[in-house]
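Structure first, then comments.
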Amino acid sequence: MERPFPTVAVVGLGTMGAGVAVAVAKSGRRVLGIEADADAAARALARIEEATAHAVQRERLTAEERTALLALITVGDRLDVAAGADLVIEELPEQLELKREVFAELDRICPPETVLATGTTALSVTRIAAATARPERVLGLHFFNPVHTMKLVEVVRTVLTSPQAAEDAAAFARDLGKEPVAAGDRAGFIVNGLLFAYLNQAAAMFESRYATREDIDAAMRLGCGLPMGPLALLDLIGIDTARTVLEAMYEQSKDRLHAPAPILGQLASAGLLGRKSGRGFYTYEAPGSSKAVAEAAAAAGTRVAGRTVTSIGVCGSGTMATGIVEVFAKAGLPVLLAARSQEKADRAKAQLAKSLERSVSRGRLAAEARDAALALVTPTGSYADLAGVDLVVEAVAEDLEVKRELFAALDKVVKPGAVLATTTSSLPVISCATATSRPQDVIGMHFFNPAPAMKLVEVVSTVLTAPDVTATVLELCAEVKKHAVECGDRAGFIVNALLFPYLNDAVRMLQEHYATVDDIDTAMKLGCGYPMGPFELLDVVGLDVSLTIEQVLHQEFREPGLAAAPLLEHLVAAGCLGRKTGRGFRDHARR
Ligand SMILES: NC(=O)c1ccc[n+]([C@@H]2O[C@H](COP(=O)([O-])OP(=O)(O)OC[C@H]3O[C@@H](n4cnc5c(N)ncnc54)[C@H](O)[C@@H]3O)[C@@H](O)[C@H]2O)c1
């Protein structure tokens, strides 16, 4: 096939336009750069020269390649040179009227077969196309910043875009070494549509003082493996830009979860736009700096001391219980592993031995450390043996009645002053607490799976938890090298309350035939640097588990946008639960 679009005009050579111009020239195509006036053109050319010189320094480009590349780029201030282009990519400031005017002009200037693409993030491609007499040759080409490192391009089709134009645009993107995904014309397209709703919830969570900005960010980095926390990311994107995108999303969806959190408006009005202005959710060393400065801790020095913990009990014999036992034993703490029978407890210890063995064979653990850890673990089939421990972590079945019964039993046997913790993901900690006569000693310690590898623990205090109990658990987490974040006792805590609505939005996108499973997964991995796409993650977590968490969240907040997507319910009803059953959103060939 002939290479699509040998000559490309780029209109607007700012952050995005300059990056796109370089990427296109790098593919050997001629680039006609167009700026607003002669001064802006000179500045744009300087920017392109500087960026490519930097690429040479970084050895991303040789000096010869740079020379050849620059020879392919011309920069001027006359729009009518676009007449010589096969494709025009518009990268103007995000203003609808400006874009529509330029498209109307381009429509007059360019031959009828020229394809016109807009780089808009949040404006309607359809409305931009309507300014021309060739809407079938107008589409969106949404590159990501910085263009030279981000491989993703969303190719946005309106209802009028011809399939041929969209295919050519996708082939063009591939030819630039990018990965195109197909999206329809909806505010935010795939990536921002999923990302910004989540960022908005994180801002709202901070605003309600449910957790600190550091804890929200750490929870999402460590709990989900995301490259950045949501509030730090909002600062990077720009609070004003985030608001604009959310406003556009809300305008179309009327989903309250897209209505910009009030805090975003307050920060924007105060000129606290994020990194670029030196302050947003965080304060930075200087405008444009990426280095956040520590702020004077509020009310320092009043922190209470924790209780002494020298021995631990863990209830349960499943994956989480075994993993939690491993965490404590490896840190040198004696652990009583209490299960419903001696046999179950022995089997759990054997499971633990296997896991430690794997670490040894992978060179991550010394044989002596394995032996020392195993020697610290005593399996027992009787909860009465927990009488003398200082702290109990419960990791039995995720069923409130089962947990309440266990807490009532622990209340009878465990010595006064011991801390009683639950590792529930979705049940109210307070309901465990009220099954005892000492709710002040009960707290949530939400570990992540696999517990030995995942650094995060959500420390969940109820309205009755004593401050020294919270302090005890925070100190213990530090001792066993886990990163603790503090939050209150409401559905989803930090991580699941931010993660599952995003996963649900992805399912809804699929259900509405807006984009495919593969395109959505690719878009989130390449566009946001996520370790897994939403459907990959749902298949790993289990569709039934995900549905339960979404139902709990919806029940707690009664937000219509949090209602579980019917497609998820249908798949669960059909027994498609993800990897564990061999089929979920994808077919997983059984090995
Ligand atoms: N910055 C990002 O992270 C990002 C990411 C993806 C998409 N986008 C989208 O890309 C587009 C461009 O954004 P940007 O961040 O590069 O903006 P920018 O402000 O950096 O660049 C816009 C450029 O357009 C020029 N310009 C203004 N009026 C002009 C005219 N009449 N004719 C020719 N040039 C003109 C300006 O001089 C400026 O150089 C926007 O639609 C934006 O939403 C931005």
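The values are calculated or read from the model by the stated rules, or taken from the named source; none is laboratory data. Since this is a predicted model, take the numbers as computed values, not measurements. Cβ: placed from backbone, ideal geometry, glycine included. Neighbour counts: every protein chain shown. Heavy atoms of the whole protein, side chains included, go into the accessibility calculation; ligands, DNA and RNA do not. Shrake-Rupley method; radii C 1.70, N 1.55, O 1.52, S 1.80 Å.
Mind checking whether some residue in the stretch 155-169 is within 23 Å of the chain's Cα centre (by Cα), buried (at least 18 other Cβ atoms within 10 Å of the Cβ), within 14 Å of the ligand (Cβ to nearest atom) and not in a loop (DSSP other than H, G, I, E, B)?
Pass one, the stretch 155-169, residues within 23 Å of the chain's Cα centre (by Cα): 155-156.
Next cut, buried (at least 18 other Cβ atoms within 10 Å of the Cβ) only: 155-156.
Right, trim to within 14 Å of the ligand (Cβ to nearest atom) and you get 155-156.
With the extra rule that they be not in a loop (DSSP other than H, G, I, E, B), the set shrinks to 155-156.
Looking for residues that are within 23 Å of the chain's Cα centre (by Cα), buried (at least 18 other Cβ atoms within 10 Å of the Cβ), within 14 Å of the ligand (Cβ to nearest atom) and not in a loop (DSSP other than H, G, I, E, B), one finds at least one in the stretch 155-169, hence yes.
Which ones in the stretch 125-146 are open to solvent by less than 40 Å² (accessible area, probe 1.4 Å) and within 12 Å of the ligand (Cβ to nearest atom)?
Restricting attention to the stretch 125-146, the residues satisfying the condition of being open to solvent by less than 40 Å² (accessible area, probe 1.4 Å) are 125, 128-129, 131-132, 134-135, 138-144.
Result: Val125, Ile128, Gly140, Leu141, His142, Phe143, Phe144.
Taking only pairs six or more apart or across chains, which ones have beta-carbon atoms under 6 Å, a first residue in the stretch 281-296 that is surrounded by 12 or more Cβ atoms within 10 Å (Cβ to Cβ), and a second residue that is outside any loop (DSSP other than H, G, I, E, B) and of a type in the set (Val, Ile, Thr)?
Pairs that qualify, where the first residue is surrounded by 12 or more Cβ atoms within 10 Å (Cβ to Cβ) and the partner is outside any loop (DSSP other than H, G, I, E, B) and of a type in the set (Val, Ile, Thr), are Val293/Thr283.
Would you pick out the residues in the stretch 40-49 that are within 9 Å of the ligand (Cβ to nearest atom) and either among the charged types (D, E, K, R) or open to solvent by 50 Å² or more (accessible area, probe 1.4 Å) (or both)?
Arg43, Arg47, listed by residue number.
Which residues, taken from the stretch 200-240, are among the polar types (S, T, N, Q) and surrounded by fewer than 18 Cβ atoms within 10 Å (Cβ to Cβ)?
At the first step, the residues of the stretch 200-240 found to be among the polar types (S, T, N, Q) are 200-201, 208, 212.
Ser208, Thr212, listed by residue number.
Within the stretch 112-134, how many residues are outside any loop (DSSP other than H, G, I, E, B), small (Gly, Ala, Ser) and within 16 Å of Met16 (Cβ to Cβ)?
Total satisfying the criteria: 1.
Go through the stretch 329-358 and give me each residue that's without any contact (Cβ under 8 Å) to a residue 60 or more places away in the chain, in a helix (DSSP H, G or I) and among the polar types (S, T, N, Q).
Our first condition is that a residue be without any contact (Cβ under 8 Å) to a residue 60 or more places away in the chain; within the stretch 329-358, this holds for 329, 332, 334-354, 356-358.
Subsequent filtering for residues that are in a helix (DSSP H, G or I) retains 329, 342-354, 356-358.
Of everything in the stretch 329-358, those that are without any contact (Cβ under 8 Å) to a residue 60 or more places away in the chain, in a helix (DSSP H, G or I) and among the polar types (S, T, N, Q) turn out to be Gln342, Gln351.
Only residues that are within 16 Å of the ligand (Cβ to nearest atom) and in a helix (DSSP H, G or I): list them for the stretch 54-87, please.
Leu79, Asp80, Val81, Ala82, Ala83, listed by residue number.
Give the stretch 548-577 a look and list any residue that's surrounded by 12 or more Cβ atoms within 10 Å (Cβ to Cβ) and in contact with a Ser or Thr (Cβ under 8 Å, 6 or more places away or on another chain), or say none.
Hits for the stretch 548-577 are Thr548, Ile549, Val552, Leu568.
Ala173 - would you say it is more than 15 Å from the ligand (Cβ to nearest atom) and either open to solvent by less than 70 Å² (accessible area, probe 1.4 Å) or assigned to a loop (DSSP other than H, G, I, E, B) (or both)? So that I can check it myself, show each step before the final result.
Working: more than 15 Å from the ligand (Cβ to nearest atom): no; either open to solvent by less than 70 Å² (accessible area, probe 1.4 Å) or assigned to a loop (DSSP other than H, G, I, E, B) (or both): yes.
Judged against the criteria, Ala173 is not a match.
Which one of the conditions (1) under 30 Å from Arg358 (Cβ atoms); (2) open to solvent by less than 50 Å² (accessible area, probe 1.4 Å) does Gly492 fail to meet, given that it meets all the rest?
Failing condition for Gly492: (1).
Has the stretch 96-104 got any residue that is more than 8 Å from the ligand (Cβ to nearest atom), under 23 Å from Ala36 (Cβ atoms) and outside any helix (DSSP H, G or I)?
So far as the stretch 96-104 goes, no, none of its residues is more than 8 Å from the ligand (Cβ to nearest atom), under 23 Å from Ala36 (Cβ atoms) and outside any helix (DSSP H, G or I).
Evaluate the following for Met220: is it part of a helix (DSSP H, G or I) and either more than 30 Å from Leu87 (Cβ to Cβ) or of a type outside the set (Gly, Ala, Ser) (or both)?
On the way: part of a helix (DSSP H, G or I): yes; either more than 30 Å from Leu87 (Cβ to Cβ) or of a type outside the set (Gly, Ala, Ser) (or both): yes.
Answer is yes for this residue.
In the stretch 1-37, which residues are touching a Lys or Arg at 6+ places or on another chain (Cβ under 8 Å), open to solvent by 20 Å² or more (accessible area, probe 1.4 Å) and among the aliphatic types (A, V, I, L, M)?
The answer is none; no residue qualifies.
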